[in-house]
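Enquirer: I have a structure here, written as structure tokens, and I will follow up with some questions on it.
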Amino acid sequence: MLALRGYDRLEQALHRLQARAPQQAECVRLRYTEDLTTAEVTARLNISEGAVRTNVCKGLKNFKHFMDLPTTGKGDS
């Protein structure tokens, strides 16, 4: 993935997410590396906006786990 070149840890986490949850990985990739809106991801993948939001949310949570990042508590930012 060209956008993550030089960021081995990020790239490895995205590959792990792709292997375990491909739709989550694709939603995260389109939303954040392609900078598409939720509506654009919806159109591209032919899934509902709710499904895109759910996949992005779960995908980011899994992505953090794969990078061994600490999780925040509810309401933390």
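The values are calculated or read from the model by the stated rules, or taken from the named source; none is laboratory data. Note that this is a predicted model, so its numbers are computed, not measured. Here Cβ is always computed from backbone atoms with ideal geometry, including for glycine, and neighbour counts include all displayed protein chains. Side chains are part of the model used for accessible areas, which takes the heavy atoms of the whole protein and leaves out ligands, DNA and RNA. Shrake-Rupley method; radii C 1.70, N 1.55, O 1.52, S 1.80 Å.
Enquirer: Taking the conditions exactly as written (farther than 20 Å from Asp68 by Cβ, of a type in the set (A, V, I, L, M), part of a helix (DSSP H, G or I) and open to solvent by 30 Å² or more (accessible area, probe 1.4 Å)), does Ala19 satisfy them or not? Even if it seems obvious, please write down each step before you answer.
Expert: Working: farther than 20 Å from Asp68 by Cβ: no; of a type in the set (A, V, I, L, M): yes; part of a helix (DSSP H, G or I): yes; open to solvent by 30 Å² or more (accessible area, probe 1.4 Å): yes.
Criteria not met by Ala19.
Enquirer: Would you check if Arg29 is open to solvent by 90 Å² or more (accessible area, probe 1.4 Å) and at pLDDT 80 or above? Step through it out loud before you land on a result.
Expert: Details: open to solvent by 90 Å² or more (accessible area, probe 1.4 Å): no; at pLDDT 80 or above: yes.
In short, no.
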